[in-house]
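Below: the structure, in structure tokens.
The values are calculated or read from the model by the stated rules, or taken from the named source; none is laboratory data. Only a predicted model underlies this, so the values are computations on that prediction, with no experimental measurement involved. Because the Cβ atoms are built from the backbone with ideal geometry, glycine has one as well, and the counts that use them run over all protein chains shown. These accessible areas exclude ligands, DNA and RNA; they are computed on the full protein's heavy atoms, side chains included. Shrake-Rupley method; radii C 1.70, N 1.55, O 1.52, S 1.80 Å.
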Amino acid sequence: MLNTLTDLEVSKLSGTSVLLRCDLNVPLKEGVITDDGRIQASLPTIKYLLEHGAKVTIMAHLGRPKGERKPELSLAPIAVRLSELLGVNVVFSSSITDAKAHQSELKPGEVLLLENIRYEADETSKEESERQRLAKILATYGEIFVSDGFGAVHRKHASVYDVAILLPSYAGFLVAAEVKVLKQLTENPNRPYGVALGGAKVSDKLAVIENLIEKVDELFIGGGMVFTFLKAQGNEIGKSLVENDQLEVVSKLIARAKEKGVKLHLPTDIVVGPEFSPNAAATVVPVDQIPANQLGLDIGPDTATQYATGIKQCATVFWNGPMGVFEFPQFANGTKVLAKALTEVKGLNVVGGGDSAAAVRTLGFSDSEFGYISTGGGASLEYLEGKELPGIKVLEHK
């Protein structure tokens, strides 16, 4: 069982310094936030802490600076947006060294945001002693630690794992909600249970496919990874993305699905183009007639319709990974049709973070149309693989 914020007496928050880990890893274009979904998802926990008089210091990351101070990965724009959404001034500290002075001046109901925690090389170090060195510094910023950055809980990082050992620790509302939904997907889900997987590489999803084949009724495959499946079945795939070293593994997965009675859905038609470009001309071809000089960039319209029909008949659906290059309008139809089908599922439907969450917003859907939109693509997938997530394990009752 998780230690959650609701296990903490409200009176103990008043005047207390709280160290909060959030996931504010939002997409930026020329310094402008293009999707603030993860900031929005962090608000309930932050507001709860502020309303009950806590002094809140937030840690978060942006991108993968790998211990270097990269200006384009600064959290400064996030501090501005967070101030707007909270309606309070968010003090921003450009370094951990300077932050101590800011933190000591915080009053109840005020917020300090630390600069990108991954600017610190110790944050992501594989050496426990180096992570602990940073965690000991971070632990001086709070009397309690609240973990609410679900997108990072599959990482054994100083701000996620090591600091939780040093302070009384609780899961924030977002982490608690994510874990609850994932348990619904893995522990006796309502059936039929369908999973739709897309994205570029099949190697990124192999472990989760292997695990899900033992649990699901319907498996829908799209995205760039589908061409490794198609080639494993003997189809010519032109210039499409393929992982030749995974063909044998994929063949075994196809056989295993058949053996388990899992309905494995693969495309019957593909939208191809001569190149990966926003200006590429789109052509629909049968799956066994992909021209040698073309590459597949979306599932075809017939496939999209078939997938949508199958998904709407499921009582539980999890979707991770776009069906095509949704950023280019001529290759966005498969993802859009699948997303629309998800909104019509009468049972639990979950969008598995990452590119999938970005896709539904880009394509004009609102978060409220879906049962749940996860903030952590990688964390969700590792949970569904059956892996233990260190940032969750450390929050469980000791």
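Structure above, values below:
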{"read-out": "Sparsely packed trypsin sites (Lys or Arg not before Pro) within segment 42-150, loop by DSSP, other Cβ within 10 Å at most 13", "value": "Lys66, Arg69, Lys126"}
{"read-out": "Structure-derived Cα Rg over 2.2 N^0.38 Å - corresponding label in (1) 1.04; (2) 0.97; (3) 0.92", "value": "(1)"}
{"read-out": "P(r) histogram, all alpha-carbon pairs of segment 285-398 included - 10 Å bins from 0, percent", "value": "13, 38, 30, 14, 3, 1"}
{"read-out": "Coil-residue GluC sites (Glu not before Pro) of segment 106-200, DSSP, other Cβ within 10 Å capped at 10", "value": "Glu127, Glu187"}
{"read-out": "Lys/Arg +1, Asp/Glu -1 at C-beta; segment 305-397 dipole; positive extreme among Phe328, Thr375, Leu389", "value": "Phe328"}
{"read-out": "Rg over Rh [alpha-carbon atoms, Kirkwood Rh] for segment 248-296", "value": "1.15"}
{"read-out": "Tail beyond 18 Å, pair distance distribution of segment 158-233 (Cα, percent)", "value": "58"}
{"read-out": "Using alpha-carbon coordinates, inclination of helix 173-186 to the longest axis of the chain, degrees", "value": "30"}
{"read-out": "Too-long pairs where the Cα-Cα distance tops 25 Å, listed order kept, from Lys29/Lys183; Lys47/Lys205; Lys70/Lys156; Lys29/Lys340", "value": "Lys29/Lys183; Lys47/Lys205; Lys29/Lys340"}
{"read-out": "Relative contact order computed over segment 1-125 (Cα-Cα under 8 Å; 6+ residues apart), in percent", "value": "29"}
{"read-out": "Those aspartates and glutamates that a straight Cα-Cα span of less than 14 Å connects to Lys387, excepting residues fewer than 8 apart in one chain", "value": "Glu210"}
{"read-out": "Solvent exposure of segment 6-121 as accessible area per residue, Å², 1.4 Å probe", "value": "45"}
{"read-out": "Accessible-area composition of segment 45-90, carbon plus sulfur, in percent [1.4 Å probe]", "value": "48"}
{"read-out": "Length added when fully stretched, Asp98-Ala121, from 0.36 nm per residue minus Cα-Cα", "value": "6.5 nm"}
{"read-out": "Cleavage-rule hits, GluC sites (Glu not before Pro), segment 243-305, DSSP coil, Cβ neighbours within 10 Å at most 14", "value": "Glu275"}
